[in-house]
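Report on one structure; see the data block that follows.
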Amino acid sequence: MAMRSHDPAGPGTPERTGGGAVRLDLPIEGMSCASCASRVEKRLASRPGVASASVNLATKVATVNFDPGATDPASLARAVDEIGYRAVLPRQKDSHADHTHGDDTDDHSAHLAVGEAEARELLVRTIVGAALALPVLVIAMSHGRIPAFDAPWANWLQLALTTPVMFWCGWRFFRSAWKGLLRLSANMDTLVAMGTGAAYVYSLAATLWPGFFVRAGAGAHHGAGAPVYFEAAAVIIVLILLGKYLEARATGRTSEAIRRLIGMQARTARVVRDGVESDIPIDRVRVGDRVLVRPGEKIPVDGRVEDGRSAVDESMLTGESVPVEKSPGDEVFGATMNTTGALRVEATRLGEDSALSQIVRLVQEAQGSKAPIARLADKISGVFVPVVMVIALATFVAWWFAAPADARLTMALTTSVSVLIIACPCALGLATPTAIMVGTGRGAQRGVLIRGGEALETAHRISAVVLDKTGTITEGRPALTDVVPAEGFDSDDVLRLAAGAERRSEHPLGAAIVRGAAERGVTVAEPEGFVAAVGLGAEATIEGVSVLVGKASWLEERGIVVTMRSIAESLATHGRTPVFVAIGGREAGVVAVADRVKDSSRDAVTRMHALGLRVVMMTGDNRRTADAVAAQVGVDEVFAEVLPHEKAERVAALRDQGHTVAMVGDGINDAPALVAADVGMALGAGTDVAIEASDITLMRNDLRAVPEAIALSRETMRTIRQNLFWAFAYNAACIPVAAGVLYPLTGWLLSPILASAAMALSSVSVVLNSLRLRGRRAGAGVLS
């Protein structure tokens, strides 16, 4: 189960990406909406030496590719700080330190802990704000009903209670807005600060000089002077904080895949050194250590089994629930669960080289990436806030002139504040990244590692899938399939002597015959005088009898009468390779060997057809074998006798026909075709070269993961479109309502309090819609 090799790169850690460039994941604090992310992204992209920059609002991480000769992480962090946000500098690692286990997962754990701390702070400020805002709301709602609250002192009490809500609970909004104002930029916090600030400042002035506002057209308020809107300012702050808290909790759940992977890591290992067993922390294990794993324990490190047999649950890596049998020589992976037997494992990969760390890194990279569809939201968010401010100003002016003289200030203020609050583009910024985070995390749990948003988006358009045959559709190694004895011979005797003759052969077909005999419980005889005829067969003396195993023409040259050619041709028609056996100078039978089709391949092709895909098989094998395999699995088209360099050309030809093509392979000779395809998919048991060239890695050696990956992509893209639609529709519908366009028809104005609640709910609803991907069955029942 090979994995793409990377240098260490947890969040905030520079990583070499080739060509001298460095990739940096830089956590950003203080972002609150899509326009914030857009500002940070543009700022970073404009710095000298930066090749590209991408900011994910959901993860609060900026991904930057830069030339280390032209800039450095500290300079990039300062650039972010200069526009009012805070970049968390990388955690420096000692390059001379021991190669330890868990560096990357520690980085991810720390980043998740920061998010949890932010959520806790939001909760505290929300609770304090609610406790102070509730009496203000009660007083405001009681005017005209409870005479005591109509006295002038009621406004002063509201002022006293609202002030800490504004400047302690809601300080983050005003601080961010002020920093943006100093740099002539605006974001969601600007809208909140302007809306609540306008309500608060007006109410403060009305409390200090009520007579002036009554004369200016604000009207009298139940004998208490000019009306005040302290409750609007306080409740808006509390509702937005509550929405931010719910949003933080919900987006935290989108990172659950990484959290669960990190939690699977073992903390200690039982190591044998100098004949002494001891439990040591995982970060003290060294490559080459012998680690003992008892039944029911997690395997602590990646390694190779030296002794023992067991079944290992690898579902956390592959998504496959059936335990895998392990014996000496087999690879095992850290964080997988040993079930039945004891194992002694030689540690081979630790720290960032382990399969777990690489999976965490791949998932984090994918969750931090952007899909092309996100560019639409980015473009809109870049101009959205200034446009809303203009609309709010126009709304104020329009109602100042259109409203009755005794209510003009009240209506102008209410409508303009409502526009500012309801138009905050939080939902727009969360629409794409939250769906990508949940989708890629869901894929990781099922053993489908998607490298980024672009691959995820492209995969949903796939219309044709090209499957390599050997090792992809088939098992990848020949196996004994048939033993047909000639008249007068017993099948077990034929197999026993044929396997004996091939026992010392190095030919793959001979090895398959020997393995087949062992699997069937046939005792293999010991050969004498073994002679291999290259390209023809093998000859040996067994129990004093001459045994020949090979081609029919070679047996005939040795004087054997061959009568079973029709049987051999029938076997060949079914994709099997016939081998003739002669014993004691007589034709004894035919044994057949084939690269067997995996049990799951036909079901996988059926699922692909259910998704409306054209399925093509491509192989270098001869036409007859290729057609036989194709008939077994039900593919639509076969490319046979294709040379390695021609595979990419066949993929390109399909693309020229208008197909969006996925290439699925596992070998070195598949790499060019994987690159030539729109989406390359490498089976996890394949080579590093194939996985390096792929866009999607399928961790289990099972073709059913292919329709799973495509169905997951389609479900994720459907969710993104739903999110974007509702985010756009929300703003398109609510801004006119907040501006008061319905008032002439219905006499109804949208309260700023309701506007703030609607804004908060819109963001949470987008995240919750994305979270539905976690448990949804995608496509034709391929996700469970």
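I'd like to compare 459-466, 235-242, 174-181: which one has the highest average count of other Cβ atoms within 10 Å, and what's the full order after that? Write out the running numbers ahead of the final one.
Numbers: 459-466: 22.6, 235-242: 27.6, 174-181: 18.0.
Going from most to least packed, we get 235-242, 459-466, 174-181.
To put it simply, the accessible area of the range 262-343 at a 1.4 Å probe is 48 percent carbon and sulfur. So if I take the centroid of the Cα atoms in the range 39-74 and the same for the range 395-440, what is the distance between those two points in Å? Between the Cα centre of the range 39-74 and that of the range 395-440, the gap is 31 Å.
Label sites at D406 and W209, each approximated as a point 7 angstrom past Cα along Cα to Cβ, lie 2.3 nm apart. Measuring how big the range 473-567 is from its alpha-carbon positions, Rg and Dmax come out at 13.0, 42 Å. As an equivalent ellipsoid, the range 567-707 spans semi-axes of 32, 16, 15 angstrom, where each value is the square root of five times an eigenvalue of the C-alpha gyration tensor, largest first.
With all protein chains present, how much of the accessible area of the range 387-489 (probe radius 1.4 Å) comes from carbon and sulfur, to the nearest whole percent? Each step should come with its number before you reach the end.
Details: 1860 of 3060 Å².
Taking all protein chains in place, the range 387-489 shows 61 percent carbon and sulfur surface.
Legend: residues C734, C169, sorted from most to least accessible area (1.4 Å probe; ligands, DNA and RNA excluded), read C734, C169.
Could you work out the mean projected area of the convex hull around the alpha carbons of the range 603-643, in square nanometres to one decimal?
Details: hull surface 10.6 nm².
It is 2.6 nm².
Ignoring aspartates and glutamates fewer than eight residues from K326 along the same chain, the ones with Cα atoms less than 13 angstrom from its Cα are E306, D307, D313, E314.
Projecting label points 7 angstrom from Cα along Cα→Cβ for W178 and A610 puts them 6.0 nm apart.
If the viscosity is 1.002 mPa s and the temperature 20 °C, what translational diffusion coefficient in µm²/s does Stokes-Einstein give for the range 443-528 when Rh comes from Kirkwood over Cα pairs?
Details: Rh = 16.6 Å.
The Stokes-Einstein estimate is 129 µm²/s.
Here the Karplus relation 6.51 cos²θ - 1.76 cosθ + 1.60, evaluated at θ = phi - 60°, turns the backbone of the range 567-581 into coupling constants of 5, 4, 5, 5, 5, 5, 4, 8, x, 10, 9, x, 10, 8, 10 Hz, with x for every Gly and Pro.
Each label was represented as a point 7 Å from its Cα along the Cα-to-Cβ direction; for D330 and F725 these points are 4.7 nm apart.
The values are calculated or read from the model by the stated rules, or taken from the named source; none is laboratory data. Bear in mind that the values here come from a model prediction, so they are computed numbers and not experimental data. Here Cβ is always computed from backbone atoms with ideal geometry, including for glycine, and neighbour counts include all displayed protein chains. These accessible areas exclude ligands, DNA and RNA; they are computed on the full protein's heavy atoms, side chains included. Shrake-Rupley method; radii C 1.70, N 1.55, O 1.52, S 1.80 Å.
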